[in-house]
Amino acid sequence: MPDVTIGSSMFETVRHQGEQIDVHAIKIAALEKADQHHDERLKKLEDNAMKLENTVMSESRETRTTMKEQVEKLFVIVENAMGYQSARTAQTHELRMAKLNTWSTVFLKVSGGVVGLLSSGGALYYVLQHYITK
């Protein structure tokens, strides 16, 4: 009988170990399935991160292009405004000089005429004499 207990104990041990192996095989399969699921999720996250990075880069490029165009337009506007201001200042100066020149010409002609009349005392005397004697 001792051989039977040893044999049956060994049989029980092998059977128990077989059951444990089966349980471990089921757990391993479940873990591999979960790991596969995690790998798929990780792959999706990586793909989404890459798409997001591409979108950000694309939008950034578009934003830089738009900003560059806007800055160039603003520069042209400022440049034109400065040109208009310079042209206005030059025109104002030219107008002021033309007015001054006109007034000085008129003044010189008028004063020259008066001086001419006064210097030709004979003509003035003759006119005064003519009105006084009448």
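Accessible surface of region 1-106, 1.4 Å probe: 64 percent of it comes from carbon and sulfur atoms. Solvent-accessible surface (1.4 Å probe) assigned to Ser111 amounts to roughly 40 Å².
The values are calculated or read from the model by the stated rules, or taken from the named source; none is laboratory data. None of these values were measured; they are calculated from a predicted model. With ligands, DNA and RNA removed, areas are computed over all heavy atoms of the protein, side chains included. Shrake-Rupley method; radii C 1.70, N 1.55, O 1.52, S 1.80 Å.
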